[in-house]
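Visitor: Quick one: this structure, given as structure tokens, is what I'll be asking you about.
Values quoted throughout were computed directly from the atomic coordinates according to the rules given, and no laboratory measurement underlies them. Remember, predicted model here, so these are calculated numbers, not experimental data. Every residue, glycine among them, receives a Cβ derived from its backbone with ideal geometry; neighbour counts consider all protein chains shown.
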Amino acid sequence: MSLGNRLYELRKKKNISQEEAAEKLGVTRQTISKWETDQSLPDFDKILPLCVLYEITTDELLTGASSKTCKETQENTIENDKKKKIQTAIVVSSSVFLYFIAVIWIIIAEPIEAISENIMIGSFLFICAIATVLLVFYFISTSKDSVEIQEKKRKEKEREKYDGLIAILFTCIYLFISFFTGAWHITWIVWIIYALIIEIVHLLMGMKEEKNERE
């Protein structure tokens, strides 16, 4: 519904004539007619008087959305954000749990002579792959179109780029040290260092983003 149609409907709902509306708003009847037929738009200084005359909010006048609808939209947005946070927490927690399972598997399997090294490493990488795929699939499949979300996505992609590079680096370091020393029961400490480095990188990037926003 156009603004002119809304003004027409609001006036009819108040059961007043164009002449009466014009008198209350300090304009001519022709002006009211032009507004209601979309031949012209109300001046900025007439928006508030129109809202007072028809007993509505500016949102109701300009968008047609009632205050109740706006409130419901806000509540739905908040509820959806809560659900999204819960889903994200579940996926991230599950993935982190799988990473820990992979490390625990190495620690348990390494002393057992019946388990070959290839099976041990293959199982470790398989569990890590499941956790990684779970994370990637979730964050790719949950997309929104708002400007704020798009900006957030851009920042997340930038972080993921650094996270990926760091993950590859530490994986190489872990496998190299583990194969070279054979100390699989100790080298898992590399992943604790990896987690600390990731947090430090995220902290530094967050501080940089806050500085840019202030500027």
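Visitor: What list of ³J(HN,Hα) values in whole Hz, one per residue of the range 163-168 in order, does the Karplus curve 6.51 cos²θ - 1.76 cosθ + 1.60 (θ = phi - 60°) give from phi, with Gly and Pro shown as x?
Guide: 4, x, 5, 5, 4, 4
Visitor: Let me ask something else. For the range 3-65, build the charge dipole from Cβ charges (+1 Lys, Arg; -1 Asp, Glu) around the Cα centre, then report which of Gln39, Leu50, Asn15 sits farthest towards its positive end.
Guide: The residue sitting most towards the positive pole is Asn15.
Visitor: Could you give each residue of the range 52-60 its phi-based ³J(HN,Hα) in whole Hz, using Karplus coefficients 6.51, -1.76, 1.60 with θ = phi - 60°, and x for Gly or Pro?
Guide: Taking θ as phi minus 60°, the curve returns 5, 4, 9, 6, 9, 8, 5, 4, 5 Hz for the range 52-60.
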